1. Could you tell me whether residue 224 is outside the structural domain of residue 128 (by TED's automatic domain parsing), among the acidic types (Asp, Glu), outside any loop (DSSP other than H, G, I, E, B) and under 21 Å from residue 153 (Cα atoms)?
2. Looking only at the range 211-232, how many residues end up being more than 12 Å from the ligand (Cβ to nearest atom) and not β-branched (Val, Ile, Thr)?
3. Taking residue 253, is it on the phi > 0 side of the Ramachandran plot and among the aromatic types (Phe, Trp, Tyr)?
4. Scan the range 20-29 for residues that are touching a residue at least 40 places away in the same chain (Cβ under 8 Å) and closer than 21 Å to residue 101 by Cβ and jot them down.
5. Of the residues 306, 347, 335, only one is among the hydrophobic types (A, V, I, L, M, F, W, C) and within 16 Å of the ligand (Cβ to nearest atom); which?
6. So, in the range 233-255, of the ones that are among the basic types (Lys, Arg) and within 15 Å of the ligand (Cβ to nearest atom), which residue ends up nearest to residue 408 (Cα to Cα)?
7. Restricting the first residue to the range 359-375 and requiring it to be in a loop (DSSP other than H, G, I, E, B), which pairs with a second residue that is surrounded by 11 or more Cβ atoms within 10 Å (Cβ to Cβ) and of a type outside the set (A, V, I, L, M, F, W, C) meet a Cβ separation below 6 Å and a spacing of at least six or different chains?
8. Kindly indicate whether residue 106 is of a type in the set (Lys, Arg), under 26 Å from residue 139 (Cβ atoms) and in contact with a helix residue (DSSP H, G or I) (Cβ under 7 Å, 6 or more places away or on another chain).
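The values are calculated or read from the model by the stated rules, or taken from the named source; none is laboratory data. All of these numbers come straight from a predicted model, not from anything done at the bench. When we count neighbours, we look across all protein chains shown, and the Cβ atoms used for this are built from the backbone with ideal geometry, even at glycine.
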Amino acid sequence: MKISVIGTGYVGSVTGAGLADLGHHIIFVGRDQKKLDLIQSGKSPIFEKGLDELLAKNRDRISTSTDMVSAIRESELCFICVGTPSNADGSIDLQQVRDVSVSIGKGLDSDDQYHTIVVKSTVFPGTTEGLVIPVIERESGKTAGIDWGIASNPEFLKEGCAIEDFFQADRVIIGTNDQKSRHIMESIYEPLKVPIYTTSIRTAEMIKYASNAFLATKISYANEIGNLCKRLDIDTRDVFTGVGMDHRIGPDFFRSGIGFGGSCFPKDVRALIAGARSVGIDLSILASVLKVNESQPLRMLSFLHAKIPALHGKTIGVLGLAFKPDTDDIRESRAIPVIDSLIREGAEVVAYDPMAMDNFRGLYPNIRYAKTAEEVLSSDAVLIITEWPEFENIDYTGTVVIDGRRVDAAERSAGWYQGVCW
Ligand code: UDX
């Protein structure tokens with residue numbers, strides 16, 4: 001099929017490259033010509049393992065455009081992959097989704113070819129039916145489910161292994177209210193030979209939020225139990241090895257530490273709380289999940305103060321700035337609240353991250369950035385924020401370390417060591 005992908009961020013670029021690899025002809029649609037030129041040359045505009053290779057391998061099936069209306073007219077199906085950032089109250093900003101829906105409507109009004117519109121952006125349950133469909137119907141004068149198809153198809157791509165998550169998905173979720181859209185969507189994903197669960201549009205939208213919010217809950221739960229285990233001199237990693245052996249629970253996402261970052265978990269949990277509040281429902285568990293996540297990084301400071309009561313003028317090293325390893329993404333990184341506190345207390349911060357320093361420098365131009373991890377070790381104390389594999393190959397002898405992610409080499413060799421919840 002000829003498919004247009006609107007949005008060339010993490011989700012759009014991986015989705016388009018994956019669909020091209022399945023044999024479809026992809027038009028990447030965006031506003032940034034530089035990003036589009038990169039994609040056309042077989043290079044990814046973002047860092048994602050394997051994405052360059054996938055784009056380069058499928059170059060002859062990839063084109064790009066800044067003209068959304070014409071891209072819609074040239075394609076039979078369109079994935080909406082634009083961002084839905086948080087508003088101040090936690091609800092999602094739908095401006096990009098609204099603008100794209102207007103353009104799609106304009107694209108549909110001129111020809112009788114049947115188009116299927118797929119919402120892959122993470123939108124609160126009810127948004128596709130409450131916003132996307134009415135706007136497209138108004139702009140096109142055509143009826144959803146009759147003149148054109150509509151589906152929700154949320155993404156479950158983890159940064160750093162998004163290509164793998166595309167091709168070896170645990171499941172593909174398709175939400176449709178008409179049979180034709182359902183069959184078209186199932187035909188797209190059938191070649192992956194992974195489980196496909198088809199349901200209603202708003203159920204699919206909710207599955208996305210409920211999944212991410214549950215994973216975030218697992219993490220905050222592991223962190224709270226970890227805080228208690230540390231006080232009782234119990235190893236939290238051993239506890240969750242035993243807990244995870246229950247097939248009803250499972251072992252994943254129980255790594256205790258300084259909490260979750262990234263562009264999804266914090267945003268999706270806030271959006272679910274705000275959306276629920278707007279319909280009079282209080283999600284008290286998720287409110288606590290966020291509260292734990294906000295306080296967990298600051299536990300590092302309490303352990304640091306135990307060792308160095310006055311931080312003013314002291315040099316504090318930070319190992320890791322990305323929100324997790326294998327990415328240069330710093331959105332909601334747990335390094336942000338930690339470094340904010342260090343700066344407030346007058347410490348001199350020297351940071352190292354194998355990939356994320358350029359991005360972090362944009363936020364914090366006035367802290368020092370080291371060329372190597374070893375350079376950071378001469379600080380008065382070192383805080384480990386991201387568990388990059390290379391941090392396991394460092395000799396921490398004689399160093400004061402407060403570890404937020406459990407780097408075993410530090411636990412073995414540091415001169416003075418505290419784990420944040422172990
Ligand atoms: C997440 C979801 O996993 C993915 O399904 C969704 O589509 C997008 O959001 P991502 O944000 O890329 O993916 O990263 P993920 O690997 O889920 O980690 C998120 C955060 O949780 C990171 O900051 C990570 O350090 C933290 N984490 C993860 C823990 O603290 N403990 C864990 O056990 C797992």
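1. On the way: outside the structural domain of residue 128 (by TED's automatic domain parsing): yes; among the acidic types (Asp, Glu): yes; outside any loop (DSSP other than H, G, I, E, B): yes; under 21 Å from residue 153 (Cα atoms): no.
So residue 224 does not fit the description; no.
2. From the range 211-232, those more than 12 Å from the ligand (Cβ to nearest atom) are 224-225, 227-232; that's our starting set.
From the residues that got through so far, the ones that are not β-branched (Val, Ile, Thr) too are 224, 227-232.
Count: 7.
3. On the way: on the phi > 0 side of the Ramachandran plot: yes; among the aromatic types (Phe, Trp, Tyr): yes.
In short, yes.
4. 27, 29
5. Details: 306 fails: within 16 Å of the ligand (Cβ to nearest atom); 347 fails: within 16 Å of the ligand (Cβ to nearest atom).
On inspection, the qualifying residue turns out to be 335.
6. The first filter runs over the range 233-255 and keeps only residues among the basic types (Lys, Arg), leaving 237, 248, 255.
Keeping just the survivors that are within 15 Å of the ligand (Cβ to nearest atom) gives 237, 255.
Numbers: 237: 12, 255: 13 Å.
Ranking the qualifying residues of the range 233-255, first place goes to 237.
7. 370/352
8. Answer is yes for this residue.
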